[in-house]
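Below: one structure, written as structure tokens.
The values are calculated or read from the model by the stated rules, or taken from the named source; none is laboratory data. Note that the structure is a prediction, hence the values are computed from the model and not measured. Positions of Cβ are generated from backbone atoms using ideal geometry, with glycine treated the same way; all protein chains shown enter the neighbour counts. Heads up: the accessible areas ignore ligands, DNA and RNA and are worked out on the full protein's heavy atoms, side chains in. Shrake-Rupley method; radii C 1.70, N 1.55, O 1.52, S 1.80 Å.
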Amino acid sequence: MMLTVQNLTAGYGTAQVLHGADLTLDQGRAVAVLGRNGVGKTTFVHALMGLVRPSSGSIRLAGRELSGLDTRRIARLGVRIVPQGRRVFRSLTVAETLEISRSPGEWTVERVYQIFPALAARRRHRGDQLSGGEQEMLAIGRALLGNPRLLLLDEPSEGLAPRLVEELGVVLAGLRATGISVVLVEQNLRLALEVADEVRCMVKGRFVYGAAAGEFAGDGAAIAAYLGVGS
Amino acid sequence: MRAILAAAVLAAMPFVLGAYQLSLLTGGLAYGLMAASLALLVGHAGLPSLGHAAFLGVGAYAAGLTAKHLSESAVVQLGAAVLAGVVFALVTGWFAVRTRGFFFLMFTLAIGEIAVQAATRSGRVTGGDNGLSGIPVSTLFGLETAMPYVVVFYWWALAVVAAGFAVLAAVRRGPLGAAIAGTRENEARMAAFGYSVPGVRLAAVTVAGAVCAAGGALVAQKDTFVAPTHLGVGVSVLLLVMVLLGGRDSLAGPALAAVGLIALRDVTSGALGDKWLLVEGALFVLCVYLLPEGLAGLWRKRARAA
């Protein structure tokens, strides 16, 4: 098992957000974490990355306990996050950002330019001169250059044009074949179902539903219950 | 290209200027290098230091003591100064980079004042309050026997300053510079890449400290004298003023501001005595209002307009 999360609780100050989340994920598999706004999806991936300190529970990456480690140690163990809102470095160029994100492994700067040709064309441009779609590509590219075993994506489709979301889906769906395990937090159901093997739905800081992606796609009642009508 | 042109023009200055102005320019260049090293911290790393003069002083004392007790060679003294700067940066920086913003400001202020006290109290080595005097004139590859010393020393200083600028520019453009800028913009993101934020910052402090110490060596060699005030907050503030006047996101800007400020101080202090500080203060206030990006902002604005 690549990732095993057991009874994870976390929060901010006195506000507890995660109330005992459990999740397992095999190597080379992708799980979509779905749920309405405010149920704790972002807190969940932040806890995995050490950006929020878990108050109890366990997170094991290939058997190694991550809970309690700081973000840098977790990153060194092979976890990368594509944060919500991309958070690219405004003053660094595309080439500089990719340069400082490199760790040894299969992913190279050239390979990132291959899957995102738009970035190659903008390599001398600063982060704040890129479009939202290009920033998303840069955020994903720099995460891949860390050659992670576990990739966390927090709402990558947010604010992107439908055509770009489709392109993104193709790239992300292709990642599983490389052996990376993916945790994808998404509001866009189509993208989630295209990328993920499995779906977990979160309600009030807990996973209450789990199914294969295909099964969830056909379960109108579950979709309505966990995502609200129209999603 | 522009850097080479500037170096060529500066190298020709001995044929234009008299001995006094040349000596003044030598000091201006040394301060320019030290201001540029501070700009790496303030602008690039986002670490506003109020104790940068400590590196000037450490370099100056190291060079002066080496001159008195070990070697009269300017190169050996420079090496000793840079080494001392690196050691001082690693020891004080290890603690300093774990603070940020206002606390970094206070911490570096404290380091500077501790350095002043250390220099004042260890009189037998440093000359205490009276400063380190009797530093012998350094030898410069024997060239000083063939030409006027002030000219040879000017070229030596220019070479050191050019090398220091090359180091600063290379660091800023290279991967370390990108990582330093990354820690300024978003610490959490850099940690999420597996970077040690204190480690990257310590590298920035060490580069800036070593380069500043080289400038300190030039000060000691030029004046053949070092005083504890060289380490103090007064000089640190002067360096900060140079950075703010020149533009903190630039190397050439602070250097230009340094040369200008040293020249201005020479003119106004002759005419006004201590009151020249009033002129400097007024100028500073004006510049902060009119040139928020410093002198560097001026030519950037022109580049944007063109």
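With a 10 Å cut-off between alpha carbons and a GNM built on chain B, which of B:Ala81, B:Ala214, B:Ala110 moves the most?
In the Gaussian network model the winner is B:Ala110.
Which of B:Gly131, B:Gly57, B:Gly253 moves the most in a Gaussian network model of chain B with Cα springs under 10 Å?
In this elastic network of chain B, the residue with the biggest mean-square fluctuation among B:Gly131, B:Gly57, B:Gly253 is B:Gly131.
Treat every Asp and Glu Cβ in segment B:2-232 as -1 and every Lys and Arg Cβ as +1, leave all other atoms uncharged, and give the resulting dipole magnitude about the Cα centre to the nearest 20 debye.
Around 500 debye, computed over segment B:2-232.
Just the projected area, averaged over all directions, of the convex hull on the alpha carbon atoms of the protein assembly as shown: how many nm²?
Hull-based average projected area comes out at 29.7 nm².
Tell me, what % of the accessible area of segment B:2-232 is carbon and sulfur with a 1.4 angstrom probe?
Taking all protein chains in place, segment B:2-232 shows 71 percent carbon and sulfur surface.
Roughly how crowded by other chains is peptide B:178-188, in terms of the mean Cβ count from those chains within 10 Å of each of its Cβ atoms?
5
For A:Lys41, which lysines qualify as cross-link partners when the Cα separation must be under 19 Å and same-chain residues fewer than eight apart are set aside?
Filter leaves A:Lys204.
Tell me the net charge near B:Gly232. Cut-off is 13 Å between Cβ atoms, B:Gly232 excluded, with +1 for each Lys or Arg and -1 for each Asp or Glu.
Local net charge: -2.
Keeping all protein chains in the complex and leaving out DNA, RNA and ligands, what accessible area do you get for A:Arg36 with a 1.4 Å probe, in Å² to the nearest 10?
Accessible area, nearest 10 Å²: 120 Å².
On a 1.4 Å probe surface of the protein chains, which of B:Phe95, B:Phe284 comes out largest in accessible area, and what is the full order?
My answer, sorted largest first, is B:Phe95, B:Phe284.
Students sometimes get this wrong: rank A:Lys204, B:Lys222, B:Lys301, A:Lys41 by accessible area, probe 1.4 Å, all chains present, largest first.
A:Lys204, B:Lys301, B:Lys222, A:Lys41
To the nearest 20 debye, what charge dipole does chain A have about its Cα centre, counting +1 at the Cβ of each Lys and Arg and -1 at the Cβ of each Asp and Glu?
Dipole of chain A, to the nearest 20 debye: 700 debye.
May I ask which residue of B:Ala110, B:Gly142, B:Tyr195 lies farthest towards the positive end of the charge dipole of segment B:2-232, with charges of +1 (Lys, Arg) and -1 (Asp, Glu) on Cβ and the Cα centre as origin?
It is B:Tyr195, whose Cα lies furthest towards the positive end.
Between the chain alone and the structure with every protein chain in place, find the residues of segment A:81-97 that drop at least 10 Å² of accessible area; heavy atoms, 1.4 Å probe.
For segment A:81-97, once contacts with the other chains are taken into account, A:Ile81, A:Pro83, A:Arg87, A:Phe89, A:Arg90, A:Ser91, A:Leu92, A:Glu96 lose 10 Å² or more.
Put +1 on the Cβ of every Lys and Arg and -1 on every Asp and Glu Cβ in segment A:1-107; which of A:Gly20, A:Leu48, A:Thr97 then has its Cα farthest towards the positive end of the dipole?
It is A:Thr97.
Taking B:Lys222 as the anchor, which lysines have their alpha carbon closer than 23 Å to its alpha carbon, excluding any fewer than eight residues away along the same chain?
Cross-link targets: B:Lys68.
Kindly report, to the nearest 10 Å², the accessible surface of A:His19 as traced by a 1.4 Å probe over protein heavy atoms only.
70
At a probe radius of 1.4 Å, what is the per-residue accessible area of A:Tyr209, in Å² to the nearest 10?
Roll a 1.4 Å probe over it and A:Tyr209 shows about 40 Å².
By how many degrees, between 0 and 90 and to the nearest 10, does the Cα long axis of helix A:132-145 differ from the longest principal axis of chain A?
So the inclination is approximately 80 degrees.
For segment A:7-77, rounded, prolate or oblate, judged on the Cα gyration tensor with a ≥ b ≥ c (square roots of eigenvalues), a/c < 1.5 rounded, else prolate if a/b > b/c?
It comes out oblate by the Cα gyration axes.
Quick one: grab the alpha carbon gyration tensor of segment B:15-85, order the square roots of its eigenvalues as a ≥ b ≥ c, and give me rounded if a/c is under 1.5, else prolate or oblate depending on whether a/b is larger than b/c.
In terms of gyration-tensor shape, oblate.
Give me the 1.4 Å probe accessible area per residue for chain B, excluding ligands and nucleic acids, in Å².
Heavy-atom accessible area per residue stands at 44 Å².
Does segment B:2-232 classify as rounded, prolate or oblate by the C-alpha gyration tensor (a ≥ b ≥ c root eigenvalues; a/c under 1.5 gives rounded; else a/b over b/c gives prolate, otherwise oblate)?
Because a/c hits 1.5 or more and a/b fails to exceed b/c, segment B:2-232 counts as oblate.
Rank B:Val219, B:Val235, B:Val285 by mean-square fluctuation in a GNM of chain B with C-alpha springs under 10 angstrom and give only the top-ranked residue.
For chain B, modelled as a Gaussian network with Cα springs under 10 Å, the answer is B:Val285.
To the nearest 20 debye, what is the magnitude of the charge dipole of segment B:160-244 about its Cα centre, counting +1 on the Cβ of each Lys and Arg and -1 on the Cβ of each Asp and Glu?
160
Could you sort A:Ile140, B:Ile4 by their accessible area in this structure, using a 1.4 Å probe and putting the largest first?
B:Ile4, A:Ile140
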